[in-house]
Amino acid sequence: MERWYRTLKLFLAKHPARSLRELQRHLDDFAHYYNEVRPHRACARRTPSERYGAREKAVPPVSRPSPHYRVRRDVVDPHGKVSLRYKGTMLHLNVGYAHRGQRVILHIVDEHVRVLPNAYKLVGEATLNPAQSYQPVRRAK
């Protein structure tokens, strides 16, 4: 940048301005000449705009949408099922008759659900499929 300022000062010394408008015109002319017309030794005798145009541009990385997390507390119904809304569809998780009336915690991350009767013991897991109403729960061993 120091070299650029030196070149700019020499240019402005040769082209004195009588008004702000004229000074702005001189600055614009200098920037155009420096970047678009004058080849640079440091740029292999090409202009800075040619070098800039030839470079590969940085693009933002392709990012995956962040997962949707939620935790739900529910009670298993008399038929051993828990209802859950997923993508606008009511689904029913088959937790099992052994858990009827029991309070459960559902840990939901996108389409993956973990069913826990308390914070430490896993009942089972399910991968939600909105195409079917009743969802099987794989029992924990």
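None of the figures in this text is laboratory data; all of them are computed from the coordinates on show. Predicted model, so just to flag it, every value in this text is computed and none were measured. Quick reminder, even Gly has a Cβ in these numbers, built from the backbone with ideal geometry, and neighbours come from all protein chains shown.
Eigenvalues of the Cα gyration tensor times 5, then square-rooted: what semi-axes does that give for the stretch 69-139, in whole angstrom, largest first?
Values for the stretch 69-139, descending: 17, 14, 10 Å.
Provide the percentage of antiparallel DSSP beta bridges, counting only those with both residues in the chain; round to the nearest 5.
In the chain, DSSP labels about 90 percent of beta bridges as antiparallel.
Compute the separation of the alpha-carbon centres of the stretch 1-38 and the stretch 39-83 and state it in Å as a whole number.
Distance between centres, Cα-based: 40 Å.
Could you size up the charge dipole of the chain around its Cα centre, putting +1 on the beta carbon of Lys and Arg and -1 on that of Asp and Glu, and report it in debye to the nearest 20?
340 debye
Using alpha carbon coordinates only, what is the Rg to Rh ratio of the stretch 2-54, with Rh defined as the Kirkwood radius?
1.04
Per DSSP H run of at least 4 residues, take -39500 (n - 2.57); add these up for the chain, divide by its residues and hand me the 222 nm value, nearest 500 deg cm²/dmol.
-7000 deg cm²/dmol
Under 14 Å from the Cβ of residue 39, count the other residues' Cβ atoms, weight Lys and Arg +1, Asp and Glu -1, and hand me the total.
Residues near residue 39 contribute +3 overall.
So how tilted is helix 2-14 from the main axis of the chain? Cα-based, degrees 0 to 90, rounded to 10.
Roughly 40 degrees between the two axes.
Which of the peptides 107-116, 126-135, 56-65 is most tightly packed, and how do the rest follow, going by the mean number of other Cβ atoms within 10 Å of each residue?
Output ranking for 107-116, 126-135, 56-65: 107-116, 126-135, 56-65.
Excluding same-chain residues fewer than 8 positions from residue 121, which lysines have a Cα within less than 21 Å of its Cα?
Leaving aside lysines fewer than 8 places away in the same chain, those within reach of residue 121 are 81, 141.
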